[in-house]
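All remarks here apply to the structure that follows.
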Amino acid sequence: MRMLVRFGKRPRLRFISHLDLQRFMQMALNRTGLPIAYSQGFNPHPLMSFASALALGWTSDYEVLDVRLSAPMGRRRCEEAMRSALPEDLPVYGVRLVDDRDPAAMAVVCASDYHVALSGEGAEAVLDAIPGFLAAEQVFAMKKTKSGEREVDIRPGALSLVPSGDGFDARLALTEKLSLKADLLARVLAERAGADCPELRVHRTALLGRDEAGELKPLMEL
Amino acid sequence: MNLSDRIEALLAQVQKPVRYMGGEFGAAMKDAGDVDVRYAFLFPDTYEVGMSHLGMRILYDALNRREDVWCERAFTPWVDMADAMRAEGVPLFTLESRTPVREFDLLGITLQYEMSYTNVLESLDLAGIPLRREERGSDDPFVICGGPCAFNPEPLAPFVDLFALGDGEEETLATVDAYKAWKRSGAPREEYLRMCAKIPGIYVPSFYDVTYNSDGTIAAVTPKPGTDAPEVVRKAMVRDLNAAVYPESLIVPYGEIVHNRIMLEIFRGCTRGCRFCQAGMIYRPVRERSRQRLMALAEKLVASTGYDEISLMSLSSGDYSCLPELAHDMVERFARKRVKISLPSQRIDAVLTDTLKETQKVRKTALTLAPEAGTQRLRDVINKGVTEEDLVRSVTDAFEQGWSAVKFYFMIGLPTETDEDVLGIAELARLVRRCYFSVPKERRAPGLRITVSASVFVPKPFTPFQWCGQLESGEVIRRQKLLRDELRTVKGVDFKYHAPDVSYIEAVFARGDRRLADVLERAWRLGCRFDGWSDQFRYDLWLQAFADCGVDPAFYGLREFGLDEVLPWDHLDAGVTKEFLRREWDKAQRGERTQDCRKGCVGCGMKRYEGACV
């Protein structure tokens, strides 16, 4: 059995790196008292993975940790144990139990929802550039990849994009083949408007996968 | 913008924001309205260093167990953050509630090392607390300093309200109780000091007058009339470590810190009596925690923190009276929980390694040994009870167990040291090489690496070497070169040493008096901070500070103090008597050893403390 734990990362902890969070979660699982499954070998560690890494400096209401259990456990017990093992700035929002044979959360996730708050010079310009961006068939931008920088069409990565409150909401692709990062999108919008990129606060609001009908749905509701 | 938002804005600009973040699992969060006393605990170095310090963890726990107290942490911000805070007018704040340190009732600072003194001033200044205690008003916290350097507190005397000598568990709580009583009484600020002067271990520097002789030495340190302060302040001592408070849960940091594991103090004090070692003198007597207590603590700490490693800590863990049994119990209890047991690897004992090896959890990092001196003669002088045979056995055992990296710590400039002693270090390195090659090739791990690290000897108060001057730096450099050239002829040795500048300033402050306070403040104003970090240390600024203040550093650092001289710390009592130290100094000069006091009392003076030695 595996548990998918949905948790948040509040602003205070936004500078914790993904690597540090990984180590922290391994220790947190040790102190849950739950029957966690461990890897074999010289340095056994809990079998766990994140659905998606969150960039340094971003906050989230929707991080998902996928943990393998060595014995069946009730959902409520898992949720309580996780809640007591994490500090208040990593709040636990829910636990879903899945079968060992179900694909890993990181294989299921294919899109992510963000709210990007804009402030300072350039904020207006970014919002004004949204209709033009949506109307364009292709938008080329320099994208950092493992093998250096190259120009790619980022338009298909933006599944939806609407102004909202102090910034915009975006649903962005998050698969191996196609993905778009929220900060790159904001930079491209600013560039298209001929403005400097404003200050960004990126906040993740959901991680999504596809249900049997092929519809995008939050991971915890699949 | 409120302070928290202003801090957040700075975090995006600095190197390691995690240092200032707070919000860790296990941090004590309370409601400021629910407590009577707010206590800020400052470690005058970075977060990574401070969070690795056991003493701070113990006192944080002891204070926060009380419902009427909230203890929060602060660290000296690294230079990038400090500069940004000054530019934006953000004061030094605590990590838990992000409250300005200046708003606290009590500010405890631990003094682990003389080279953190400028960071004490830097932190007070960032907090907006006047540096000099007489400039502080009713809104400022009382500044209380503890830790090993509190045993020669004089260079910091004008900046500090109280010094706490000795074990902090009980005396820290007593200063809090006194604070509550003082606050209720509505009495003037000085009355709190008067109340604290009655607490065992508390030294109130403003209650003492220092007079000087014409040659610059001290004539007398005497309590001011009407203060009721004792002539000699005795250190505080926790008699029963089993009954003493010890954390049952810990703050678990997010990033890497220096020691990121459960630290379990198995005993306090050391009986070996190495004559250079201040810790071995001031933490007497030896007090052990029982196996039962340690097992119970370990159980709780593993469950509450999730750490997968327990380090058995003390000044000399190999001396714990039933170490093999303890290690065995620990391994047996925790192996199935995948928790490693580690020992600071000072001594490799066959029984012990076998126990730890059972689980294959013993770390095969470099074996570390500290012979301190290169010849038996000099090791006898410093009373380091390690013989060449011990060393040969330890390293040969280690090589047979699969170690191939060994590290040795030595000191250069010990009293009576000759060139022969210095060259003896290279001889030992050769001997270690021979030990390695004496193990059959199929049984030893490949790739022998020997690291020889030589620091510069710094004479410390309350040691038999407290009267010695430090070796002058030109001569230190000559001996370092002599050793370096000799070690070049030994294959596979990595020699580590440092310029003697930092050690010199350390020596000056270790044996300094009140007249150094002006130099310290001047050095800090010139820009000195984080002096213990080689990339920050500015020897030129320190020399300028001495010159500006008209103080000769050699008077403190290089001069041999007279045996009849009043020492700057003679009005403090660290447990060992001056007579004992004097006896040890005489024996050292004759090259005579003194036995480990577990084998029989050596009359160090601890028996004057009720219940100290059984």
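Only the coordinates and a few stated rules stand behind these numbers; no lab work does. Predicted, not measured: the structure shown is a model, and the values here were computed from it. Reconstructed Cβ throughout: ideal geometry from the backbone, glycine too, with neighbour counts over all protein chains shown.
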**Request:** Return an integer: the convex hull volume of the alpha-carbon atoms of the protein assembly as shown, in Å³ per residue.
**Result:** 194 Å³
**Complete:** Cα-based Rg then Dmax for chain B, in Å, read 24.4, 77
**Prompt:** How far is the Cα center of region B:427-451 from the Cα center of region A:197-222, in Å?
**Reply:** 59 Å
**Request:** State, to one decimal in nm, how far the label point of B:R6 lies from the label point of B:K180, with both points 7 Å from Cα in the Cβ direction.
**Result:** 3.3 nm
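Which of the trypsin sites (Lys or Arg not before Pro) across region B:448-525 are loop residues per DSSP, with 12 or fewer other Cβ within 10 Å? Spell out each step's value before the answer.
Numbers: sites: B:R449, B:R478, B:R479, B:K481, B:R484, B:R488, B:K491, B:K496, B:R511, B:R514, B:R515, B:R522, B:R525; in loops: B:R488, B:K491, B:R511.
Sparse-neighbourhood loop trypsin sites (Lys or Arg not before Pro): B:R488, B:K491.
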**Prompt:** Just from the alpha-carbon atoms, what are the Rg and Dmax of region A:111-221 in angstroms?
**Reply:** 14.0, 44
**Asked** Name the residues of region B:368-388 whose amide N is less than 14 Å from a point 7 angstrom out from the Cα of B:E560 along the C-beta direction?
**Response** none
**Complete:** Fewest to most Cβ atoms within 10 Å: B:E372, A:E121 sort as A:E121, B:E372
**3J(HN,Hα) from dihedral phi, region B:240-247, Karplus parametrisation 6.51/-1.76/1.60, rounded to Hz, x for glycine, proline** = 10, 6, 5, 8, 5, 5, 8, x
**Prompt:** Using a basic spin-label model with each label point 7 Å from the Cα along Cα→Cβ, how many nm lie between B:E442 and A:S119?
**Reply:** 7.1 nm
**Fill in**
Simple SL model, points at 7 angstrom along Cα→Cβ for B:R449 and B:R189; separation in nm is 5.3 nm
**Message:** Among B:P153, B:L343, B:A32, which residue has its Cα furthest toward the positive end of the charge dipole of chain B, with +1 on Lys/Arg Cβ and -1 on Asp/Glu Cβ?
**Reply:** B:L343
**Request:** Round to the nearest 10 and give me the degree value, 0 to 90, for the angle of helix A:18-30's Cα axis relative to the longest principal axis of chain A.
**Result:** 20 degrees
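Run the dipole for the protein assembly as shown about the Cα centre, Lys and Arg Cβ at +1, Asp and Glu Cβ at -1, nothing else charged, and hand back the magnitude in debye, nearest 20. Please report the intermediate quantities before stating the final value.
Values: 112 positive and 122 negative charges, 546 e Å.
Using Cβ point charges on Lys, Arg, Asp and Glu, the protein assembly as shown gives about 2620 debye.
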**Item:** Loop-located GluC sites (Glu not before Pro) in region B:63-118 whose Cβ has at most 10 other Cβ within 10 Å (DSSP)
**Value:** B:E67
**Fill in**
Computed ³J(HN,Hα) along region B:299-304: with the Karplus parameters 6.51/-1.76/1.60, θ = phi - 60°, integer Hz and x for glycine or proline, the list is 4, 5, 5, 5, 5, 7
**Item:** Those residues of region A:79-116 whose amide nitrogen sits under 19 Å from the label point placed on A:V162, 7 Å along Cα→Cβ
**Value:** A:111-116
**Request:** Scale the Cα Rg of region A:96-164 by the rule-of-thumb value 2.2 N^0.38 Å and send over the ratio, two decimals.
**Result:** 1.53
**Whichever lysines have a C-alpha closer than 28 Å to that of B:K183, once near sequence neighbours (fewer than 8 apart) are set aside** = B:K30, B:K198, B:K224, B:K235
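If we count every other residue with Cβ under 12 angstrom of A:L13's Cβ, Lys/Arg +1 and Asp/Glu -1, where does the sum land? Intermediate values should be presented prior to the final figure.
Values: positive: A:K9, A:R10, A:R12, A:R14; negative: A:D20, A:E63, A:E88, A:D89, B:E8, B:E24.
So the environment of A:L13 carries a net charge of -2.
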**Asked** In region B:388-481, which GluC sites (Glu not before Pro) are in a loop and have at most 10 other Cβ atoms within 10 Å, using DSSP for the loop call?
**Response** B:E442
**Item:** Added length on full extension, which subtracts the Cα-Cα distance from 0.36 nm per residue, B:A303 to B:D31
**Value:** 95.3 nm
**Asked** How long is the gain from A:S39 to A:D169 if the chain were fully straight, where each residue apart is worth 0.36 nm and the alpha carbon distance is subtracted?
**Response** 42.9 nm
**Prompt:** About its Cα centre, how strong a charge dipole does region B:13-143 have in debye, to the nearest 20, once Lys and Arg get +1 and Asp and Glu get -1 at the Cβ?
**Reply:** 200 debye
**Prompt:** When the Cα centres of region B:144-202 and region B:463-532 are compared, how far apart do they sit, in Å?
**Reply:** 32 Å
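When the chain is fully extended, how far beyond the present Cα-Cα distance does A:E191 get from A:K146, taking 0.36 nm per residue of separation? Can you show the working numbers first?
Values: separation 45, 0.36 × 45 = 16.20 nm, distance 2.36 nm.
So the extension gain works out to 13.8 nm.
What size of dipole, in debye to the nearest 20, comes out for chain B about its Cα centre when the only charges are +1 on Lys and Arg C-beta atoms and -1 on Asp and Glu C-beta atoms? Walk me through the numbers before you get to the answer.
On the way: 83 positive and 92 negative charges, 411 e Å.
With only Lys, Arg, Asp and Glu charged at Cβ, the dipole is about 1980 debye.
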**Asked** B:K337 to B:S214: FRET efficiency via 1/(1 + (r/R0)^6), r the Cβ-Cβ distance, R0 60 Å, to the nearest 0.05?
**Response** 0.35
**Fill in**
Which residues qualify? For B:I341, with a placed amide H closer than 5 Å and at least 5 residues away or on another chain, they are B:I310
**Request:** Quick one: what are the phi-derived ³J(HN,Hα) couplings along region B:386-392, Karplus 6.51/-1.76/1.60 with θ = phi - 60°, whole Hz, x for glycine and proline?
**Result:** 10, 9, 4, 4, 4, 5, 4
